[in-house]
Amino acid sequence: MSFFGFGQSAEVDIILDGQDSRKTAEIKTEDGKKERYYLYFDGETVSGKVNVTLKKPGSKLEHQGIKIEFIGQIELYYDRGNHHEFTSLVKELARPGELVQNTNYNFEFQQVEKPYESYTGANVRLRYFLRVTIVKRLSDVVKEQDIIVHTLSHYPEMNNSIKMEVGIEDCLHIEFEYNKSKYHLKDVIVGKIYFLLVRIKIKHMEIQIIKRETTGTGPNTFNENETIAKYEIMDGAPVRGESIPIRLFLSGYELTPTMRDINKKFSVRYYLNLVLVDEEERRYFKQQEITIFRRSDKNRKTYQATAHHPTRERKPDPEPEPEENSVDTEK
């Protein structure tokens, strides 16, 4: 309700160019629900139209200027008062004056750099959005429109396989191998496990995909581990010389690309976790980091046609540090 005429006197709508044919994508909200927005890539122009509709025909709207911003920001949930902006562009749509009728304004942010992928996690959110502000003396009229950004990477078809020998002296010696160390979001993890020495009564073995989100620095560092997938690869005791194949399809799980040190605020890493459980319910596990990326495909040509230059692909991430060959034990 508006008291003394101080209520919002206009409605603002943001219409993106080509949105009827533009692809959309889903992203989780903080409460776990999913929302769908228009999809963009790094280097694409973001353009469209802002419609300002007066709520009362025949009235007028005095303002101190109208502007539109393109913003990329990171919000750490433990520090909600501060939004860390890594991209901030502003276009002036109108100088101070008054509106006496419904008005629309065109805008264009050319070849916008969007260096990171949109992300919502346990302790952090990275979002891109357009914000229109009608500046008024008492209360501004503000409208925000989110978009989703995906980053594309390209790796050679052949990349290094993962081979490790792990064990407990005189008790257990396992050799396991995965076909590669970098996987795209719809890839298949193929591997094999060899039992060279088995003197522990193993009753169960599974492979897990663990997502580790790290936010903040120093004393304000938070680590959040989430088990994305569990895949049973053995039920029963193995014998020496036995081998077990692994075939795990990633497309059925909600994964994001690996993100390393994003704007010095957070990281998202993925690990393959091999878990063995013996008859005394002791757990033995070994983790190995893998890289997950969003692969470029033919569909992105439709976006290049709307951009002023081709969608840029991300440079490959550096190799993760190798881990020592050891088995961790949980009792």
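Data overview
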read-out: Amide proton proximity set for residue 296, modelled H, under 5 Å, gap of 5+; value: 153
read-out: Segment 19-59 shape via C-alpha gyration tensor axes, a/c threshold 1.5; value: oblate
read-out: Violating pairs (Cα-Cα greater than 21 angstrom) within the set 230/264; 33/265; 186/264; 180/286; value: 230/264; 33/265; 186/264
read-out: ³J(HN,Hα) computed for each position of segment 38-54 - Karplus, 6.51 cos²θ - 1.76 cosθ + 1.60, integer Hz, glycine/proline x; value: 6, 9, 10, 10, 4, x, 6, 6, 10, 9, x, 9, 10, 9, 10, 10, 6
read-out: Derived scalar couplings ³J(HN,Hα) [segment 27-35; Karplus, 6.51 cos²θ - 1.76 cosθ + 1.60; whole Hz; x for Gly, Pro]; value: 8, 6, 8, 4, 8, x, 6, 10, 10
read-out: For the chain, with +1 on Lys and Arg beta carbons and -1 on Asp and Glu, the positive-most of 139, 262, 296 along the dipole; value: 139
read-out: Table column - 3J(HN,Hα) (Hz), segment 268-279, Karplus curve with 6.51, -1.76, 1.60, x for Gly and Pro; value: 10, 10, 10, 9, 8, 10, 8, 10, 10, 10, 8, 5
read-out: Over segment 158-275: Kirkwood hydrodynamic radius from C-alpha pairwise inverse distances, Å; value: 16.0 Å
read-out: Along each principal axis, Cα extent of the chain, largest first, Å; value: 87, 43, 31
read-out: Quarter of Cα convex hull surface for segment 21-146, i.e. mean projection, nm²; value: 9.3 nm²
read-out: Cut-off under 5 Å, modelled amide H: who pairs with residue 65 long-range; value: 97, 135
read-out: Segment 73-178, accessible area per residue, ligands and nucleic acids excluded (1.4 Å, Å²); value: 52 Å²
read-out: Highest-MSF residue in the chain out of 133, 120, 103 [GNM, Cα springs under 10 Å]; value: 103
read-out: Chymotrypsin sites (Phe, Trp or Tyr not before Pro) within segment 231-301, DSSP loop, no more than 16 other Cβ atoms inside 10 Å; value: 253
read-out: Accessible area of segment 173-258 belonging to carbon and sulfur atoms, whole % at 1.4 Å probe; value: 46 percent
read-out: Segment 178-224 shape via C-alpha gyration tensor axes, a/c threshold 1.5; value: oblate
read-out: Loop-located trypsin sites (Lys or Arg not before Pro) in segment 1-94, at most 14 other Cβ atoms within 10 Å (DSSP); value: 23, 33, 55, 60, 80
read-out: Magnitude of the charge dipole, the chain, Cβ model with Lys/Arg +1 and Asp/Glu -1, debye to 20; value: 1240 debye
read-out: Dipole axis of segment 1-157 (+1 Lys, Arg; -1 Asp, Glu on Cβ), positive-most option in 102, 15, 58; value: 58
read-out: Length-normalised contact order for the chain - Cα pairs under 8 Å, 6+ apart - percent; value: 17 percent
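The values are calculated or read from the model by the stated rules, or taken from the named source; none is laboratory data. All figures in this text were calculated on a predicted structure; none of them were measured in a lab. Using ideal geometry, Cβ is built from the backbone for each residue, glycine included, and neighbour counts are taken over all protein chains shown. Remember, those area values only see protein heavy atoms, side chains included, never the ligands or the DNA or RNA. Shrake-Rupley method; radii C 1.70, N 1.55, O 1.52, S 1.80 Å.
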